[in-house]
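Read the figures in this text as sums done on the coordinates, not as results from a lab. Predicted model only: the values in this text are computed from it and were never measured. Using ideal geometry, Cβ is built from the backbone for each residue, glycine included, and neighbour counts are taken over all protein chains shown.
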Amino acid sequence: MQGRGLNIALTLYVGLVFVFIFSPIVFSLIFSFNSQRFPTIPLGGFSTEWYVKILNDPDVWQAVRNSVIVSSSTAAIATVLGFCTAYSDFRYNFRFKGPYLALILLPPTIPLIIMALAMLAWLSRLGLSGQLWSIILAHSVLTAPFAMAIIRLRLHQMDPDLEAAAWNLGGSEWQAMRHVIVPFCAPAIVSSLCLTAAVSFDEFAVAWFVSGLNKTVPIVILEIVQGNIDPQVNAIGTFVFLTSMTLVILAQLIFISRQIKSHS
Amino acid sequence: MSARRKIDFYALTWRLPIIVWQLVFFVGPVLFMVALSFFLVKNYRMTEAFEFVNWQRMLTRGFFWDSYWYTLFIASLSGTIAMSVAFPAAWALAFRASDTLRRWAVFLLIIPFFTSYLVRTFSWYVILAESGVLNAMLGYIGLGPFRMLNSHFGTVVGYLTLTLPLAVILQTVTMANIDKTLIEAARNLGCKPLATIWRVVLPLSKTGFIVAALFCFILAFGDFVAPFYLGGSQEPTLPILILDTTKSGQQWPRAAVVAIMMMLTLFTVAFTAIALAYRKPKGVR
Amino acid sequence: MMKTGKKAKNQLLRRDVLRIGGGVALSAPFVGRAWAQTTDINMLAWYGHGEPDMVGAFEEANNVKFVPKYYAGGDNMLALIAQSPPGTYDIILSDGEFVQQLNAAGYIEPLEASDYPFDDMLHEDFTKFPGHWDGDTLYSMILRGGHLGVSYNTTAMSAEEASSYAGFWKPELAGKVGHFDWHLPTLGMMSLKNGNGAGLWDLSDDQWSAVQETTMSLRPQVGGFFDYGGTFNGLKNGEMLAMCGIGDWITGVLERDGAPVASVIPKEGGIQFTESYCIGKGSSKADLVKSFIQYMMSPEGQVKSAQMLAYPGFCVTKAGRKLLQEVDPAEAKRSHQIEGMANDPIALINEGRIHYRDIPQQQSLEDWNDFWSEYKNA
Amino acid sequence: MTEPLVTFRNVEKRFDDFVAVRDMTLDIHEGEFLAIMGSSGCGKTTTLRMLAGLETPTGGEIHIAGRLMNDVKPHERDTPLVWQSLALFPFLTARENVEFGLKMRGVGKDERKRRALDWLERMQISEFAERNVATLSGGQKQRVALARSLVMEPRMLLLDEPLSALDANLVIRMQGVLTRLQKELGITFVYVTHSQSEAFAMADRVVIMSQGDIAQIGAPKDIYRAPANRFVAEFVGRNNILSGKVQAVDGDGTHILTPQGAFTAQTPQTALSTGQSVSFTVSADLVSLSTTEPDAVNKAQATLISEEFIGSVVTLFCEGVDDLEFKVQMQERALMALDLEPGAPLWLSWETQNANILGER
């Protein structure tokens, strides 16, 4: 049979797809240690110049601080909003449930550039633009659907009797929420916090429009790309990538260790 | 009974906040943008008005429609490419790979979402440049240099950076969830491998595939980074037109016109796609 | 406003960074940029003007911090001001031709002429620059200028070919001509190519149609439309072999980096961009901004401006030019800021080969902009 | 007699235009083991959920211990339920699961732990107390679920098909555990099931429901021997049902002419008139079988179709006149003695006292 040949071909093909997906990430890492200001082939010497440069730039630090504030606040708000909607959808049937769900699920289908335009116009009309929390407001709208999806999936895995069982054992609705629904959704809540934080951390279009003079990390990247292009972009990119991957892996590890503990 | 009429505060607690939040920060901005499209700009200042002049001006311009059709074309093209390129890989991961391998592959494919899209785009810029990495490599085997930046090719590569991982993930997950016995049954009934894909795998994964294609289209349709930095704004797409319009002299109302046209298009595409995705096969009531 | 807790943290971070970076960090150019400032000065400017090489020393000396917002293009600048509450920007770096509009819209404060070295200008035009004065009231202080012409890769074009805008149409450059993505400089150049000379901005409808036609005929040559960074990279990596709408302000930086690029003022004439400082209306830090402008107009400031990392511009004061020749003769030579040297920018102005950039006189800026969109789509 | 613990008075539950429970009137007594039985969708689970307060009746009244319960919230009741899915909290250990109800009721930490461990001990699973419930076997989970409900020391325990997920062996074991517990604790069990064997094996009284109505209430033996109507007769199974017209009623019983022959059945309490259509049942284990024509009042001819063995008991499926199916249950030993071949002609017979006329429905 041609099975073996097919397998080799498929393996190669999958490899190529992964090469395409990962080459920009890998090259960014390489360029970040390359001494040339405009990276070309052959590569220049090894250099940590760009890292030194960003680590010594107070604007970058300020941007990191802003980004951390924005993404953690966004994650918190979006996860709360997503949780509320996911729970309402799980628990209740009510009139206008369709529009209700559309209200939270639609934002990702609207291009960021349009959201950016609309947000800035609207927020500046309300006098809410140009602040750090303008970004937080906008990002929470954009990321809440992701939180909703993750938590809804988790609730879908839940035995629907579980909540009723808590009432049946004398827990009020609030107690059931606190002692059953929330603990059950805990993994999804943490995933949602991580994912929404990551999305917010990388979002630049809306942030750039509504932020006024406050810069987040992607805005700094955008400004370097638009302006004095140099491999600081790669250095920041690598830095951000390592940070967010560490967070994700850490979250995973916490879960695995908890799981092991509860199984022992 | 009166008990049914009582307000359920518990239920409202979970329902109301999001309604209020999304009305104020999502529906508000979108509706305001619609209103904005009727405003006027005088001396770089917006004034409230209800005039159709922005609509008239944009919709009668050749450059708007050029951009419109180009954006529609290039986004559909890149969506088609992403879906086609992803398919063999997703098929291999879904049917040939072990569960562990598949899980790892999906995990790896999620990684790009945690890297900055701008940084990846910039990286492509360096890779694809005439004196860049790829052309240098091709040079060693006596090919090139090829012109890859500032072209449709560059734009599509940028779009794929955004959409390909998503397409592979969604396709893999969709196909991995197909009941394997159905495929074995088809093979058992004498269906050839390729015919099995066409007659069994694709129909069974229709919904997942349409959703994946829709996402690829939406992402490409609304992205301004790839066509700007990798496509050199050659034939500016609608997002670039929006940026250009806002940049030049506070012409927000006209940018709003472009944005609304984009949204209408997206809604049309999305509703059609979803209707297709969830359309029941013939013979099922 | 920063609180003390934040400040302490900053210092802690800095210590850590220094320890991590070690000796390399100490020698890095940006060390010493103030970490814990108390006063923010919001600046609206073209890219680079709020960077440490320009404002770092002033920040340190005056315990302030510049918070820059960068724009590209005068209409973009006006839009940004219009959508921000009054008093948002303390200092605005404007293109010369847009000062009038800033003033008309009431976005800027008047200046006191005696605060600035008007008796030391290299050219009399700079003392009474168009639009900078309203009657006897000064509204904007000219900082620097630069000339736009044909920018090209010296391996792909000879100086001869570059001496006319017609060089852009060279067949070998097909797909290799880039545009700086702003309509004003490019359309001005096309107007010059059409022989409109000093009347380049004052076009009758026929002349305007002719300019559009000329521009459109360049379209097949065009390989892309770029912002600052894209223009930069395009020329550097050979993606673009000639660039329309720019000048030494881009090629100068690349030249310093050793790239084979140059800019010349072609025989049809060149365009001058002029950058001037204004104080934002309602700024609460007008005094600080005034001393910053004074600092930038001092010889030291003028030298900093000429050496600006992002893009160079020539000095407008005699003392500035003199100091530049003393402290950085190489840059003075590279940018021809030496009396008697060929292409001395001041000499070029005197020869009448330079036209100050302006906005269209008979058409609206919108018309030009719409044509630009059309052109990009063609 | 003492006041019933639970009374349903004309209770109705509708979901939009679907009536799940219709005009139900039922008493449940203190200390009894009541099984509610029926096929899926008959309203048995809805009845149980109304008892637990998880559904609100749309009509009628439910009283528990004399108190009107219609609008009392689930958590304000003392009606712990053992769920079909068990509904154990997967993120808690066995002990924490058992403690849950006590915690909700504000019982102190030490007290909670002591009582939980007590019950785990009693259910013989104390060794798994600190294990996550997800790692326990089906039977162990079952015991945790029981302990979780019983630790509340309720007057009444509700059980919703608790054994449906267990394999046959375990079901028999757990049946023993449940009946013993109920006797020991002396509390009321309300047990919902679709399984006749579970209901009949454990319950003091059985309620059979069909399409929202109660079809019959009675002790298992009464229901088995004297199904009140055709539905119950069919549902209980292993009943032969014959239909015909009343010819006469006299001291011997009611004489009925069917296509399979003329038979005599016990005269019911309700009056029957001549010519009326009726059906009667004969339980399969009360039918005798012979190869020659027996000397009996009620006899019918049939052919053997197939045999089904369950342990030492055999069910024979036979076909009578008009394709009527007869079921005959007998000891395997007795069957061996007859030495039958499929297709063999047979005679079936039964006593008049074992033929019960069915009520209408």
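Here is how the numbers come out for the structure above:
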{"item": "Computed [θ] at 222 nm, deg cm²/dmol, chain C (DSSP H ≥ 4; -39,500 (n - 2.57); rounded to nearest 500)", "result": "-12000 deg cm²/dmol"}
{"item": "Rounded tilt (10° steps) of C:52-62 against the dominant C-alpha axis of chain C", "result": "30 degrees"}
{"item": "Selection from C:G247, C:G145, C:G280 lying farthest towards where the dipole of chain C points positive, charges on Cβ", "result": "C:G280"}
{"item": "B:F50/C:S114 FRET efficiency (R0 51 Å; Cβ-Cβ; nearest 0.05)", "result": "0.55"}
{"item": "Charge dipole (debye, nearest 20) of region B:130-285; +1 at Cβ of Lys and Arg, -1 at Cβ of Asp and Glu", "result": "820 debye"}
{"item": "Cα-based helix-to-principal-axis angle, C:286-297 vs chain C, degrees rounded to 10", "result": "60 degrees"}
{"item": "Residue order, fewest to most beta carbons within 10 Å, for D:F326, B:F73, C:F126", "result": "B:F73, C:F126, D:F326"}
{"item": "Long-range amide H partners of C:T154 with built H, under 5 Å", "result": "C:V261, C:A262"}
{"item": "Fewest-first ranking of C:Y277, B:Y68, using other Cβ atoms within 10 Å as the exposure measure", "result": "B:Y68, C:Y277"}
{"item": "Choice from B:V269, B:V133, B:V24 with maximal GNM fluctuation in chain B (Cα, 10 Å cutoff)", "result": "B:V24"}
{"item": "Nearest 10 degrees, 0 to 90: helix C:4-27 Cα axis against chain C principal axis", "result": "60 degrees"}
{"item": "Estimated inter-spin distance, B:A275 and C:S284, nm [label 7 Å along Cα→Cβ]", "result": "5.7 nm"}
{"item": "Positive-end extreme of charge dipole, region D:1-156 - chosen from D:A134, D:F89, D:T56 (charges on Cβ)", "result": "D:A134"}
{"item": "Chain B - percent relative contact order, Cα under 8 Å, separation 6 or more", "result": "26 percent"}
{"item": "Neighbour cut-off at most 15 other Cβ (10 Å), DSSP loop, trypsin sites (Lys or Arg not before Pro), region A:93-171", "result": "A:R95"}
{"item": "Share, in percent, of DSSP beta bridges within the protein assembly as shown that are antiparallel, nearest 5", "result": "70 percent"}
{"item": "Interchain or long-range residues, amide H under 5 Å from C:S164's placed H", "result": "C:K267"}
{"item": "Size of electric dipole in chain B: Cβ of Lys, Arg +1 and of Asp, Glu -1, about Cα centre, debye, nearest 20", "result": "1060 debye"}
{"item": "Per-residue Cβ neighbour rank within 10 angstrom, fewest leading, D:M37, B:M33", "result": "B:M33, D:M37"}
{"item": "For region D:103-125 and region A:183-234, distance of Cα centres in Å", "result": "49 Å"}
{"item": "Overall form of region B:62-277 per C-alpha gyration tensor (a/c, 1.5; a/b vs b/c)", "result": "oblate"}
{"item": "Spin-label model distance (nm) - D:T25 vs B:T13, 7 Å beyond Cα toward Cβ", "result": "4.2 nm"}
{"item": "DSSP-defined antiparallel bridges as percent of all bridges, chain C, nearest 5", "result": "55 percent"}
{"item": "Axial C-alpha extent at least 18 Å, average Kyte-Doolittle at least 0.0 - helices from chain A (DSSP)", "result": "A:3-32, A:58-91, A:112-126, A:132-156, A:182-202, A:232-263"}
{"item": "Gaussian network model of chain B, Cα within-10 Å springs - most flexible of B:P112, B:P203, B:P253", "result": "B:P203"}
{"item": "Residues B:R57 and C:T39, FRET efficiency given R0 of 60 Å [Cβ-Cβ distance, rounded to 0.05]", "result": "0.85"}
{"item": "Residue with peak Gaussian network fluctuation, chain D [Cα springs, cutoff 10 Å], from D:S288, D:S312, D:S279", "result": "D:S312"}
{"item": "Virtual spin-label span in nm between B:D99 and D:K73, 7 Å along Cα→Cβ", "result": "4.1 nm"}
{"item": "Relative contact order of chain D, defined on C-alpha pairs under 8 angstrom at six or more residues apart (%)", "result": "15 percent"}
{"item": "Top positive-direction residue, dipole computed over the protein assembly as shown with Cβ charges, set A:G227, C:C315, D:T258", "result": "D:T258"}
{"item": "Tensor-based shape of chain A (alpha-carbon gyration tensor, a/c under 1.5 rounded, otherwise prolate or oblate)", "result": "oblate"}
{"item": "Relative frequency of Cα-Cα separations exceeding 53 Å in the protein assembly as shown, percent", "result": "43 percent"}
{"item": "Linear extension gain, B:K42 paired with B:V106, 0.36 nm per residue minus alpha-carbon span", "result": "17.8 nm"}
{"item": "Among the listed pairs D:K13/D:K73; C:K176/C:K236; C:K65/C:K304; C:K69/C:K236; B:K247/C:K193, those beyond 21 Å (Cα-Cα)", "result": "C:K69/C:K236; B:K247/C:K193"}
{"item": "FRET efficiency estimate (nearest 0.05) - Cβ-Cβ, B:L182 to C:A159, R0 56 angstrom", "result": "0.15"}
{"item": "Length-normalised contact order for region D:297-361 - Cα pairs under 8 Å, 6+ apart - percent", "result": "39 percent"}
{"item": "Kyte-Doolittle at least 1.6, axis length at least 15 Å by Cα - qualifying DSSP helices, chain B", "result": "B:206-222, B:252-278"}
